[in-house]
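J.: The structure is given below, and queries will be raised subsequently.
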């Protein structure tokens, strides 16, 4: 009997860009979703965990985020930003929504930027992507560490808790004008830091 | 300082979603006419994704990957969607997954497949009529839901079990939702609305919601679907997408 040739996978998903992966996901390709999960599950889970402070809920959010990507892939448009940005937006919205709805007590999850801890080693297998991400992580942490502590504190309440200006002012017992200025200056400085960094890379 | 500079100062807080509503509205109405601010906003949004990279890394359990992929498999095959969360507290209806999987799935699975296949026909109204006929032959009651002016292309068919306790709503042509929105089914009697559950559809506009209520579905006069904040609302607050009456 003739031997059947093993089926060769038509696409090597690990070599595709993020937007190309989303195109495959849009067409209900599970392998593409698996590859996107491999790239971003730690980021999604870690951000959810940082916001909520409970591993079971962070897993629930992670599942929700990837199922939302599966269903909403067609709504992603590359001209509106990177896939990473889109995924972080979905994750933050979902995590902050649960944080508010479940009335999680803030003391259960201290804000990470109040004390910048050393980075853990990643268990990733895609070395090149890991190196890129590791460099980005180091640079943003350096930029965050360079901010005055009070700016970092106000920014972290907005970023992880989803607090409005007035909620932050109430939380910190500071005038709302002061809070607005701190957040604006912090974000402008971080943006400038990243623009300078991109400029250096392009030189 | 011109308007663009004023808006530019608001963009960091706008990207973080911590502006007051009136300031956020000012920014939102300025953005379509100013490419500089749009670019700046994109920079801030990208900055937020970089900030997410700054958190200490943790990994979820190794089983999670398989769980997520498994959740996508049956959903795509029979176009059935996951109900995102329980109906809101005040609602009297409830979703009990075990009940359906253990008791009701065989009959309902077949029926919903028939309905879905028929709704999938290119001629939607003919599909709905055929699905109604088929459901009627099996002893089920049906309610056709038609799109409102907000979503004229939307259609739905609610199939009610012979004892009136269970139902299955199949919809098509649903308008796109934002990430923080869901559809919500309302069961209406004497002008009072009770939640029948929240759901969302696929990008194609297809969706299915299983319904199990304390009071028979046939005791309600009308059914409607609105767009609500994710997880649903205690009472309808958003645009009505479709509606229909029990004959």
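J.: What number of residues within region A:51-62 are touching a residue at least 12 places away in the same chain (Cβ under 8 Å), part of a helix (DSSP H, G or I) and farther than 14 Å from residue B:65 by Cα?
T.: 3
J.: Do you know which of the residues in region B:9-21 that are surrounded by fewer than 21 Cβ atoms within 10 Å (Cβ to Cβ) and more than 28 Å from the chain's Cα centre (by Cα) is farthest from the other protein chains (Cβ to nearest Cβ)?
T.: B:10
J.: Say whether the condition of being modelled with pLDDT under 95 and more than 16 Å from residue B:68 (Cα to Cα) is met by at least one residue in region A:63-75.
T.: Yes: region A:63-75 contains one or more residues that are modelled with pLDDT under 95 and more than 16 Å from residue B:68 (Cα to Cα).
J.: Just to be sure I understand, how many residues within region B:214-247 are in contact with a helix residue (DSSP H, G or I) (Cβ under 9 Å, 6 or more places away or on another chain) and crowded, with 19+ Cβ neighbours inside 10 Å?
T.: Total satisfying the criteria: 2.
J.: If a residue must be within 23 Å of the chain's Cα centre (by Cα), at pLDDT 95 or above and within 9 Å of another protein chain (Cβ to nearest Cβ), how many such residues does region A:166-187 contain?
T.: 5
J.: I'd like to verify a number: residues in region A:150-160 that are within 22 Å of the chain's Cα centre (by Cα) and more than 10 Å from chain B (Cβ to nearest Cβ), how many?
T.: Selection size over region A:150-160: 3.
J.: Scanning region B:196-213 for residues that are away from every other protein chain (no Cβ under 14 Å) and closer than 17 Å to residue B:182 by Cα, which turns out surrounded by the most Cβ atoms within 10 Å (Cβ to Cβ)?
T.: Filtering region B:196-213 for residues that are away from every other protein chain (no Cβ under 14 Å) and closer than 17 Å to residue B:182 by Cα, the one surrounded by the most Cβ atoms within 10 Å (Cβ to Cβ) comes out as B:196.
J.: Let me ask you something else. Which residues, counting only those in region B:159-195, are away from chain A (no Cβ under 14 Å) and under 23 Å from residue A:90 (Cα atoms)?
T.: B:184
J.: Here is a follow-up. So which residues in region A:18-38 are under 20 Å from residue B:70 (Cβ atoms) and more than 12 Å from chain B (Cβ to nearest Cβ)?
T.: A:21, A:24
J.: Condition (residue is away from chain A (no Cβ under 12 Å), touching a helix residue (DSSP H, G or I) at 6+ places or on another chain (Cβ under 7 Å) and modelled with pLDDT of 90 or more) applied to region B:35-50: is it met by at least one residue?
T.: Checked region B:35-50: at least one residue is away from chain A (no Cβ under 12 Å), touching a helix residue (DSSP H, G or I) at 6+ places or on another chain (Cβ under 7 Å) and modelled with pLDDT of 90 or more.
J.: What is the one condition in (1) at pLDDT below 65; (2) facing another protein chain (nearest Cβ under 7 Å) that residue A:125 does not satisfy?
T.: (2)
J.: Right, next: Restricting to region A:74-86, what's the tally of residues that are more than 15 Å from residue B:15 (Cα to Cα) and either more than 7 Å from chain B (Cβ to nearest Cβ) or free of Cβ contacts under 8 Å to residues at least 12 places away in the same chain (or both)?
T.: 6
J.: Further, regarding this structure: Residue A:163 passes all but one of (1) within 11 Å of chain B (Cβ to nearest Cβ); (2) in a helix (DSSP H, G or I); (3) within 28 Å of residue B:37 (Cβ to Cβ); which number fails?
T.: (2)
J.: Suppose we keep only residues that are surrounded by fewer than 14 Cβ atoms within 10 Å (Cβ to Cβ) and farther than 18 Å from residue A:55 by Cα within region B:51-73. Which one would you say is nearest to the other protein chains (Cβ to nearest Cβ)?
T.: B:73
The values are calculated or read from the model by the stated rules, or taken from the named source; none is laboratory data. Because the structure is predicted, anything quoted here is derived from the model rather than measured. Methodologically, a virtual Cβ is constructed for each residue, glycine included, from the backbone with ideal geometry; neighbour enumeration extends over all protein chains shown.
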